[in-house]
Amino acid sequence: MSKRGGSETRSPESSVEKQRSLLVRLSPGLLGVLLGALALGPALGPGFALRYDMVFVPDPPIFRDLGGFPRAVPSDLVVAVLSYPIPAMVVQKLILVGIFLLAATGAAALMPADRTAARLVAAAFYAWNLYLAQRLLLGQWALLLGYAGLPWAVRAAAQGGVRRFAIALIPAAVGGFQAMLVTLLAVLPVTARRAERWRAIGVTGTVAAVLSLPWLIPALRSGAATDPAGVDAFAARADGPFGVVGSLLSLGGIWNAEAGVPGQGFWASATIRLLVSAVAVWGFVRLLRHGRRDPALFGLAVAALLGLAIACLGAFVPAVPKGLISWWPGFGPLRDGQVYLAPLALVLALGLASFARGRIGLAAVAVPVLVLPTLAIGAFGRLAAVDYPAEWRQVQRIVNADPAPGALVSLPWRAHRVFRWTGGRVILDPATKLFARRVIWNDTLVVESREHGPIRVTAEDPLTRRVGALLAGPGPAGARLAAAGIRYVLISDGNENEFLLKLQDATPIFRGEGLLLLRL
Amino acid sequence: MTSNDTKFRDIPSGNFLYHGLGKVSGYYLDHVLLSAHCAATRRREKPVLKVLVAVAIGAVLAGVASVAVINVASPSLQPPDRPLYNYGTR
C-alpha cells in the first residue's frame, strides 16, 4: 500500500486496491441485480408482467377517483407519477429489479463491512428465498417493497435519527399498509431495545404514522368491512411435507397453492430448505448469545418470533383472529399471517451469513439459489411479459377523454380474470387501474379450498355491495345503475350476452374482440 | 489472535450504539461474529477437512437442485397455471 501524499500520485497497486475495494463495496448490489435478473427472466422482456395482484397498465392516470378501501395506496399513485416520463412497463421492471437490489444491499449492510463473504451470503439469502418468491408469484410487489426496505429500516431504527429513519421507511411508505405493518413489526422491537426507549418509540411511531397517512385516512373514512371468513381463506397452510410449522420455518406456507414455486414440494428440496433454516437459526442464536445488547439483533429476534406466532394464529387458532376482526375490521391484516415472516427471513439471512468466512464462505453465496433453483427464469415461466391488446388502450382513451362524471362498472362481476393474452395467468381485473373515474368492481374474493369448497370473502367496499345487489336484482338494471351514479359498463372476456339482457337501454360505445363498452 | 484481541479491547463496554449502527454493524457485529466464530472454533482448525465438508455439502445441494429442475422442466400434462377466476386455491 502506498502512502497518501500531497501530490496525489498513486502507485498502480493503490489504484488496483481502490478498484477492488469499490468492487467489494458494490458486490451486494451487483449480486442483487443478478439475482433479480435470474428470477424475473422473461418478465424483463417487452410488455407487462401480469400475475394475480401485480397489474400494471399502460398510461395509468395520476388523478384517479379511488373511493372505497385504499388497496393500492400510494403504490399506484407512485407508479402513475413515474409512468408520466417513463413508459409504465419500464417502471414496472425498474421496481421489480429494485426490490432485489434493495433487499440484497440492505441485508449486506447489516453485516460488518470487511466480511465480504458474510455480506454476500446475507444478500443472496434475503433476495432469494421462498417468502420473496411466493409473494412475487402472488404479484404482491408493493409488500415486497416493504420487505426489501426492512433491513434498512432496522438499521436506521437501531442507529437513531429521524431523517435517517424516515428515508429508510420510504419503500414501506410507497408499498402501503401491508408493507408498513411488516416493517413496523421488525422496527418497533429494535427501537424498544435502545437506551432512550420511549423517545425512540415515540419518534418511530410518529414517522411511521405520518408516512402512513396516504392509506390510513382513506381506510378510516371508507366504512369498509372485513369478513372474518378471510381467516379461513388466507391463513398459512402446509405447502411441503413438513406441515404448517415446517413450511413457515422454511419461509413458505403462503395460503395460495397457485403462488407456490414450481417443484417446491419435492421432499428432498423441502428437507434441505428446512435444514438450511435450522442451520441459519443456530447461526443467529450464536450471534445473539454474543450480542445480547445489540438492539438490531435482539429486536429482530423478537420480531421473528412474533411474526411466526402471527402466522401460526390463523392456522392453529383461527378463532382468535376471527374474533379480533369481528370486533374491529382494523385487525383485517391479521388474516394473511404468513406475510409477517419477513423479519424471520432477515434473521435467517444473518444467521446463515454468520458462518461465511473466507473463500469457502464465499461459495455459500450459491446456497440460496441451490435450495430454490426453480425460482429462476421467472419461476419457469410463471412470470412473463405480455402486452395489452390494442382494444384495452382504445377503451381507456374513450373513457378518460369523457369529462362527464359517473363511475364505471366492470363486468363480469368477479375480481379476477383469465385472458388468452395473459398466457392463462390469473390477474386482477385491469379495469381497476385503467381509468381516472371511479371503477366499481366486485372485490369479493373467492378462494377454492380443497377441504371446505369455495370460500367467499365478502366485498369490503359498501358501494360494491350496493351495485352487486342491483345487478343481482330482477329485471333490467340500467336505469337503477344510472341512478346510482354509474355512467359506463365495461364487459370483458366476451361473455356479454349474460349482461346485455339486464342493460337493454345502454348505448354501445365500443365493441372489440374481447371488450364491450356501454354508456348508460 | 493478537489483532483480534485488539479489536475486543477496543469495543466500548457500555453503549454499543455510541458510534451509531454504522459501527454496530461494521464494528460491534464484527465483534459479535468474531466471538461467535472463536467459540465455535476453539479446537484446532483443519482446513482440508473444511474443504471436503464444503465440497460434500455443495455436491448434495447441486444434486438435489438438478433433480428439482429436471422435475419441473420435464413435460407435464398440466399447464403451469390453471385458468381459474378465483383468487387462488388453498
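Bear in mind these aren't lab numbers, they're just calculated from the coordinates by the rules spelled out. Since the structure is predicted, the reported quantities are computational estimates derived from the model, not experimental observations. Neighbour counts run over all protein chains shown; Cβ positions are idealised from the backbone, glycine included.
Per residue of A:435-447, what is the mean number of Cβ atoms on other protein chains within 10 angstrom of that residue's Cβ?
Details: counts 0, 0, 0, 0, 0, 0, 0, 0, 0, 1, 3, 5, 5.
For this peptide, the per-residue mean of nearby foreign Cβ atoms is 1.
Give me the inter-chain shielding for A:351-358: mean count of other chain Cβ atoms within 10 Å, whole number please. Spell out each step's value before the answer.
Working: counts 0, 0, 1, 6, 4, 1, 4, 2.
Mean inter-chain Cβ contacts per residue within 10 Å come to 2.
If you rank A:Tyr388, A:Tyr126, A:Tyr131 by fewest surrounding Cβ atoms within 10 Å, what's the result? Can you show the working numbers first?
Details: A:Tyr388 20, A:Tyr126 35, A:Tyr131 23.
Result, fewest neighbours first: A:Tyr388, A:Tyr131, A:Tyr126.
Between A:Arg197 and A:Arg359, what is the label-to-label distance in nm when each label sits 7 Å out along the Cα-to-Cβ direction?
Result: 4.9 nm between the two label points.
Roughly how many Å is it from the Cα centre of region A:274-334 to that of region A:139-160, as a whole number?
Answer, in whole Å: 16.
Positive end of the charge dipole of chain A (Lys, Arg +1 and Asp, Glu -1 on Cβ, about the Cα centre): tell me which of A:Leu40, A:Thr116, A:Ala479 has its Cα farthest that way.
A:Thr116
Report, in order of residue number, the helices in chain A meeting two criteria: a C-alpha extent of 24 Å or more along the helix axis, and a mean Kyte-Doolittle hydropathy of at least -1.0; treat each whole DSSP H run as one helix. Walk me through the numbers before you get to the answer.
Working: long enough: A:12-40 (39 Å, 0.67); A:88-109 (30 Å, 1.97); A:141-159 (28 Å, 0.88); A:197-221 (32 Å, 0.90); A:267-290 (35 Å, 1.05); A:295-316 (30 Å, 2.25).
Result, helices passing both filters: A:12-40, A:88-109, A:141-159, A:197-221, A:267-290, A:295-316.
At a threshold of 8 angstrom on Cα-Cα distance, excluding pairs fewer than six apart, so keeping six or more, what relative contact order does chain A reach in percent?
Values: 987 pairs, mean separation 101.6, N = 520.
About 20 percent, as a whole number.
Considering every residue in A:364-371, what mean count of other chain Cβ atoms within 10 Å of its Cβ is obtained? Please report the intermediate quantities before stating the final value.
Working: counts 3, 0, 4, 3, 0, 2, 10, 4.
Per-residue shielding by partner chains comes out at 3.
Would you mind calculating the gained length between A:Thr458 and A:Ala479 on full extension (0.36 nm times residue separation, minus the Cα-Cα distance), in nm to one decimal?
Values: separation 21, 0.36 × 21 = 7.56 nm, distance 2.56 nm.
Stretched out fully, the A:Thr458 to A:Ala479 stretch lengthens by 5.0 nm.
With each pseudo-label sitting 7 Å past Cα toward Cβ, what's the A:Val210-A:Ile167 distance in nm, one decimal?
That separation, rounded to one decimal, is 1.5 nm.
I'd like to know how region A:252-317 sits against the 2.2 N^0.38 Å rule of thumb: what's its Cα Rg over that expected value? If you can, show how the numbers build up before the last one.
Details: Rg = 15.0 Å, N = 66, 2.2 N^0.38 = 10.8 Å.
Relative to the rule-of-thumb radius for its length, region A:252-317 sits at 1.38.
Where does region A:109-179 land on Rg(C-alpha)/(2.2 N^0.38 Å)? Could you put the intermediate results ahead of the total?
Details: Rg = 13.2 Å, N = 71, 2.2 N^0.38 = 11.1 Å.
My calculation over the Cα atoms of region A:109-179 gives 1.19.
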